[in-house]
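These notes concern the structure reproduced below.
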Amino acid sequence: MNQTLAAQFLTRDQVTNFVVHEGNGVKGLSETGIKVLPDQYIQPFEERLINFHVKEDSDESIPVIDMSNLDEKSVSKAVCDAAEEWGFFQVINHGVSMEVLENMKTATHRFFGLPVEEKRKFSREKSLSTNVRFGTSFSPHAEKALEWKDYLSLFFVSEAEASQLWPDSCRSETLEYMNETKPLVKKLLRFLGENLNVTELDKTKESLFMGSTRINLNYYPICPNPELTVGVGRHSDVSSLTILLQDEIGGLHVRSLTTGRWVHVPPISGSLVINIGDAMQIMSNGRYKSVEHRVLANSSYNRISVPIFVNPKPESVIGPLLEVIENGEKPVYRDILYTDYVKHFFRKAHDGKKTIDFANI
Ligand SMILES: COc1cc(/C=C/C(=O)SCCNC(=O)CCNC(=O)[C@H](O)C(C)(C)COP(=O)(O)OP(=O)(O)OC[C@H]2O[C@@H](n3cnc4c(N)ncnc43)[C@H](O)[C@@H]2OP(=O)(O)O)ccc1O
Ligand SMILES: O=C(O)CCC(=O)C(=O)O
Ligand SMILES: [Fe+2]
């Protein structure tokens, strides 16, 4: 342990205890004013990549799609092309009001600004339900190097359950954000489905594409040595589709499928970032891509983001859709129980695109 940190925390275990077990999170650690990153946050060289293969001034960028374009066919084509070529895009004029988005960001800051004793009520150890979880990093028990991020993860069951279990400080704003994005989610899924010969988003398809929802409130505090660590390590989401609200700080990077380079996702005021998740890659038999992404830490600003993970129902069996393989296409994934897939994801550290190997034939 280095000299500066030793003045505040004597051992590595004391840091882990303070951050993970006492529930102070990396926000608490950052607010002690530490000047040097504790050892357990130091990522292996190849995972840091701060200047390596990152081209800020690159002519490569994820598509920005204007959802208000009256030519629905061209919007649908842009969405499906982006899902195939990038797995990521931003949408503007998407129908979710600026007020709802701003309220969500304010509520996120309000939750993380609560005293530790209040946030700890939602920790894995204390939470009244596994559907509500306040934590840090991704999977601290499984990780060799921790991530510089705290989160509140909310699995939606019903408004009644949310009113019992979700924190007062952010409940109504989160529910409103979730409800207001639903028409956008349905439209995107309709476009993606039609392109796969799924003619209607009926009850069966709704349950497969959007049968469950998880919302995470992410907090990335100021980091003393961002070049040595990550906010979130390389991963792909296990969702069907993720809708992400980010603030104006930036830091999200996406791996380009054409060049392999890391491309920054620049914050655009009022926009939402959309990405394809593993479940959709599997159901489309690999046509839509669930792409690796990661978040850099930074030394100047606290950053927040709020992803809505739109998922199959946990008890759904997912595999390449009949509509996709009935024309003779060879299935490249097997059928799996979605909840088994998600458990596999949560039980290991982030490892890029490896989760989907679980579904390989
Ligand atoms: C957190 O930082 C993240 C998160 C992400 C997430 C990206 C996504 O795409 S999330 C989409 C998730 N999908 C769903 O929520 C679908 C439906 N849900 C389920 O199938 C289940 O709720 C479940 C998530 C599988 C949990 O099932 P349960 O019966 O409660 O099983 P457990 O035994 O309690 O949990 C299994 C295993 O996972 C760990 N875990 C569960 N939930 C979370 C969570 N929200 N955050 C972290 N870890 C979680 C749990 O601890 C268990 O592990 P053990 O080691 O204890 O066995 C992307 C990037 C991020 O940085
Ligand atoms: O914070 C971000 O911009 C992205 C977070 C993310 O990838 C996730 O929570 O799955
Ligand atoms: Fe993600």
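Of all residues in the range 258-292, those satisfying the criterion of being within 16 Å of ligand 1 (Cβ to nearest atom) and open to solvent by 10 Å² or more (accessible area, probe 1.4 Å) are 281, 289, 292.
Checking the conditions here, which among 139, 123, 169 is among the small types (Gly, Ala, Ser), touching a residue at least 12 places away in the same chain (Cβ under 8 Å), within 11 Å of ligand 1 (Cβ to nearest atom) and at negative phi? Spell out how you get there, then give the answer.
Working: 123 fails: within 11 Å of ligand 1 (Cβ to nearest atom); 169 fails: within 11 Å of ligand 1 (Cβ to nearest atom).
One residue alone meets the criteria, 139.
Screening the range 244-283 for strands (runs of 3 or more DSSP E) wholly inside it with 1 or more residues that are of a type in the set (S, T, N, Q) and within 16 Å of ligand 3 (Cβ to nearest atom) returns the ranges 272-276. Taking the range 146-218 as the region of interest, the helices (runs of 4 or more DSSP H) fully inside it that hold 1 or more residues being away from ligand 3 (no atom under 16 Å from the Cβ) and within 20 Å of the chain's Cα centre (by Cα) are 171-194, 203-210.
Pairs meeting the criteria (first residue in the range 319-335 and within 19 Å of residue 205 (Cα to Cα), second residue aromatic (Phe, Trp, Tyr), beta carbons under 9 Å, at least 6 apart or on different chains) are 319/333; 320/333. For residue 355, the conditions (1) open to solvent by 10 Å² or more (accessible area, probe 1.4 Å); (2) within 16 Å of ligand 3 (Cβ to nearest atom) all hold with the exception of (1).
Pairs only if they're at least six apart or on different chains, beta carbon under 6 angstrom, first in the range 87-98 and in a strand (DSSP E or B), second crowded, with 21+ Cβ neighbours inside 10 Å and polar (S, T, N, Q); list them, first residue then second. As it stands, the answer is 88/275; 90/271; 92/271, since those pairs meet every condition given. Evaluating residue 237 against the criteria (1) farther than 19 Å from residue 151 by Cβ; (2) among the charged types (D, E, K, R); (3) within 16 Å of ligand 1 (Cβ to nearest atom) leaves one unmet condition, (1).
Matching residues to (1) modelled with pLDDT under 95; (2) of a type in the set (A, V, I, L, M, F, W, C); (3) more than 10 Å from ligand 2 (Cβ to nearest atom):
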site	(1), (2), (3)
222	no, yes, yes
227	yes, no, yes
235	no, no, no
239	no, no, no
242	no, no, no
254	no, yes, no
261	yes, no, yes
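Here residue 106 clears all of (1) of a type in the set (Ser, Thr, Tyr); (2) assigned to a helix (DSSP H, G or I); (3) open to solvent by less than 60 Å² (accessible area, probe 1.4 Å) except the condition numbered (3).
The values are calculated or read from the model by the stated rules, or taken from the named source; none is laboratory data. Quantities reported herein were computed from a predicted structural model and do not represent experimental measurements. Don't worry about glycine lacking a Cβ; one is built from the backbone with ideal geometry, like all the others, and counts go over all protein chains shown. Ligands, DNA and RNA are excluded from the accessible area calculation, which covers all protein heavy atoms including side chains. Shrake-Rupley method; radii C 1.70, N 1.55, O 1.52, S 1.80 Å.
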